[in-house]
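Just below is one structure, and these are the notes that go with it.
The values are calculated or read from the model by the stated rules, or taken from the named source; none is laboratory data. Predicted model, so just to flag it, every value in this text is computed and none were measured. Positions of Cβ are backbone-derived with ideal geometry, glycine not excepted, and every protein chain shown enters the neighbour counts. Keep in mind that these areas ignore ligands, DNA and RNA; they rest on the heavy atoms of the full protein, side chains included. Shrake-Rupley method; radii C 1.70, N 1.55, O 1.52, S 1.80 Å.
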Amino acid sequence: MTVVITGSTAGGDDLAGMGAGWALHEELDLPALDAAVVRMCRDRTAALTARITYRIRHEVAAFASHDGPHLEAAITEAIECAVDVFMDAVAQQPTDTATAFAFYRHLGALQAEAGHDLDAMQAAHQIATQESWDELRHITSVMGLPPEVVALTGNAVMTYQRLLLDQAVMGFAAARAEQPSQRRDTSAGLLVELMTRNRAATVEALADQCGWPVPQHVVVIAAHVADDTELSPALARHPLALAGVRHRSLVVVTDAHGADDLALLLTARVPGTVAVTWAVPVAEVHHATRWAARALALADQGIIDVTADRLVRCRDHQARLCLHADPALRRHANENLLAPLLRERPKRRAALAETMLLWLQTRHSAPVLAPMLGVHEQTVRHRLRALKGMFAHELADPNHTVGLLSALESTMPGWRRDAA
């Protein structure tokens with residue numbers, strides 16, 4: 001999986017290279033303000049910086065003070081510099097934008113290195129924008145500025161905040177690009193956690209570290225592959241898919257939307273069957289992984305029919321998945337219920353079981369069953385007499401016949417293969 005960087009970065013590289021003297025007030029289209037307004041803005045700079053810094057530290061978890069003094073200092077310096085630069089622009093003076101932008105790129109890089117995602121940057125951006133707007137409303141109310149000046153200044157605040165966020169995103173993306181192996185390791189750990197213990201707190205922490213946006217519902221896709229199979233570029237770059245190969249099985253956990261398309265893409269990359277579960281909450285991924293693996297095994301055994309597209313949709317085979325949920329227990333139960341048939345040779349056992357299964361399903365007479373089985377009706381009579389001798393008590397009890405029917409349905413594919 002890869003991290004998807006959202007947000008506009010248009011012009012970010014050009015802006016990052018601008019230094020002292022760049023006319024930021026022209027770029028922001030700031031109106032010329034009266035000297036008294038500029039003076040009031042300057043006087044309130046420290047208080048505005050303190051409010052923004054305090055709220056970010058206390059309201060955005062990723063920027064909380066317990067992350068260390070290095071991050072605290074970076075936040076404070078970035079905000080102080082950004083506010084000072086904006087106030088210089090308000091006064092239509094030369095501005096040191098390069099330093100302010102460098103601070104924000106550094107802040108974004110620190111977030112990436114700490115394993116956080118862009119949500120924290122977006123939240124900090126919203127706080128800074130809100131506090132700046134509140135400050136603007138206060139100053140315009142006190143100074144009685146005309147509406148058109150207020151509108152222009154407000155637009156300038158919004159534009160400036162977007163420029164700062166763009167720089168933070170650039171720093172974040174650059175730092176993430178330098179740690180691909182770390183992301184892969186974290187993604188692999190997240191996939192293993194989802195498939196095994198699936199502890200909510202651990203999943204949340206790992207997802208945050210590798211930038212996986214946890215979907216509300218996910219689908220599990222599974223296929224048999226070689227241990228050294230390389231994932232297709234489309235899958236490796238998929239923003240919502242976690243994928244890994246373990247014990248010759250490819251497992252993909254992805255958002256429910258578009259899962260079928262992704263599964264079809266995999267059929268072009270793997271030689272065998274691809275199993276797709278129905279959508280489940282993230283907390284049930286470990287169950288869905290088991291269902292997908294069982295569906296593949298049943299398809300291999302011929303118990304589940306595989307369609308031309310080589311997709312096994314688990315939703316269409318829920319009854320068989322339930323029937324074979326515990327193979328070892330199922331086998332012991334079948335061997336106990338069908339013990340008389342196990343003493344027969346494979347071909348005779350399969351013929352008797354086929355006849356018994358069809359009779360239990362339909363309760364038809366020998367003349368009706370014969371053409372369905374492709375044999376003479378006298379052959380059917382001989383088989384039914386033999387079966388009644390083997391299962392006299394069980395066939396007379398409806399409670400036992402249900403168990404026999406279930407056992408036959410689960411064992412017949414294997415017995416047919418043995419007889420072939």
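Which strands (runs of 3 or more DSSP E) sit wholly inside segment 190-294 and have at least 3 residues that are β-branched (Val, Ile, Thr), open to solvent by less than 50 Å² (accessible area, probe 1.4 Å) and at pLDDT 90 or above? Write out each step before concluding.
Working: elements: 217-224, 241-246, 249-255, 274-276.
Passing ranges, in order: 217-224, 249-255.
Only one residue in LEU323, LEU311 is touching a residue at least 40 places away in the same chain (Cβ under 8 Å) and crowded, with 18+ Cβ neighbours inside 10 Å, so which one is that?
Answer to the selection: LEU311.
Quick one: would you say ALA73 is modelled with pLDDT of 85 or more and not β-branched (Val, Ile, Thr)? Full working, then the answer.
Numbers: modelled with pLDDT of 85 or more: no; not β-branched (Val, Ile, Thr): yes.
Here the answer is no, as ALA73 does not meet what is asked.
Out of all the residues in segment 85-113, which are in a loop (DSSP other than H, G, I, E, B) and buried (at least 17 other Cβ atoms within 10 Å of the Cβ)? Spell out the reasoning first.
If we filter segment 85-113 for residues that are in a loop (DSSP other than H, G, I, E, B), which is where we start, we get 91-94, 96.
Result: ALA91, ASP96.
If you go through segment 327-337 one residue at a time, do you hit one that is surrounded by 15 or more Cβ atoms within 10 Å (Cβ to Cβ) and more than 24 Å from ASP305 (Cα to Cα)?
Checking segment 327-337: at least one residue is surrounded by 15 or more Cβ atoms within 10 Å (Cβ to Cβ) and more than 24 Å from ASP305 (Cα to Cα).
Any residue in segment 353-365 that is basic (Lys, Arg) and modelled with pLDDT under 90?
Initially, segment 353-365 is screened for residues basic (Lys, Arg), giving 363.
Now narrow it down to the ones that are modelled with pLDDT under 90: none.
Checked segment 353-365: no residue is basic (Lys, Arg) and modelled with pLDDT under 90.
Just to be sure, is LEU373 modelled with pLDDT of 90 or more and either surrounded by 12 or more Cβ atoms within 10 Å (Cβ to Cβ) or farther than 26 Å from LEU266 by Cα (or both)? Step through it out loud before you land on a result.
On the way: modelled with pLDDT of 90 or more: yes; either surrounded by 12 or more Cβ atoms within 10 Å (Cβ to Cβ) or farther than 26 Å from LEU266 by Cα (or both): yes.
Spelling it out, LEU373 is indeed modelled with pLDDT of 90 or more and either surrounded by 12 or more Cβ atoms within 10 Å (Cβ to Cβ) or farther than 26 Å from LEU266 by Cα (or both).
Do you know which residues across segment 320-341 are more than 27 Å from the chain's Cα centre (by Cα) and either within 29 Å of LEU265 (Cβ to Cβ) or among the basic types (Lys, Arg) (or both)?
Of the residues in segment 320-341, the ones more than 27 Å from the chain's Cα centre (by Cα) are 320, 323-324, 326-341.
The answer is ARG320, HIS324, ARG330, ARG331.
Mind listing just one residue for me: the one in segment 133-170 that is open to solvent by 20 Å² or more (accessible area, probe 1.4 Å), touching a residue at least 60 places away in the same chain (Cβ under 8 Å) and within 36 Å of the chain's Cα centre (by Cα) and, of those, nearest to CYS41 (Cα to Cα)?
Selected residue: THR159.
Would you check which residues across segment 345-354 are over 18 Å from GLU394 (Cβ atoms) and open to solvent by less than 70 Å² (accessible area, probe 1.4 Å) and list them? Walk me through how you get there before you give the answer.
At the first step, the residues of segment 345-354 found to be over 18 Å from GLU394 (Cβ atoms) are 345-348, 350-351.
Hits for segment 345-354 are PRO346, ALA350, ALA351.
Step by step: first the residues of segment 138-184, then only those that are in contact with a helix residue (DSSP H, G or I) (Cβ under 8 Å, 6 or more places away or on another chain) and not in a helix (DSSP H, G or I), then the one that is modelled with the highest pLDDT. Which residue is that?
LEU145
Which residues, taken from segment 55-70, are at pLDDT below 85, farther than 13 Å from ALA114 by Cα and of a type outside the set (A, V, I, L, M, F, W, C)?
Within segment 55-70, the subset at pLDDT below 85 is 56-70.
Subsequent filtering for residues that are farther than 13 Å from ALA114 by Cα retains 56-60, 65, 69.
Selection gives ARG57, HIS58, GLU59, SER65, PRO69.
Working carefully through the options LEU408, LEU342, LEU357, LEU395, find the one that is within 30 Å of ALA297 (Cα to Cα) and open to solvent by 20 Å² or more (accessible area, probe 1.4 Å). Before you say what the answer is, go through the steps one by one.
Working: LEU408 fails: open to solvent by 20 Å² or more (accessible area, probe 1.4 Å); LEU357 fails: open to solvent by 20 Å² or more (accessible area, probe 1.4 Å); LEU395 fails: within 30 Å of ALA297 (Cα to Cα).
Step by step, each of LEU408, LEU342, LEU357, LEU395 is checked, and only LEU342 is within 30 Å of ALA297 (Cα to Cα) and open to solvent by 20 Å² or more (accessible area, probe 1.4 Å).
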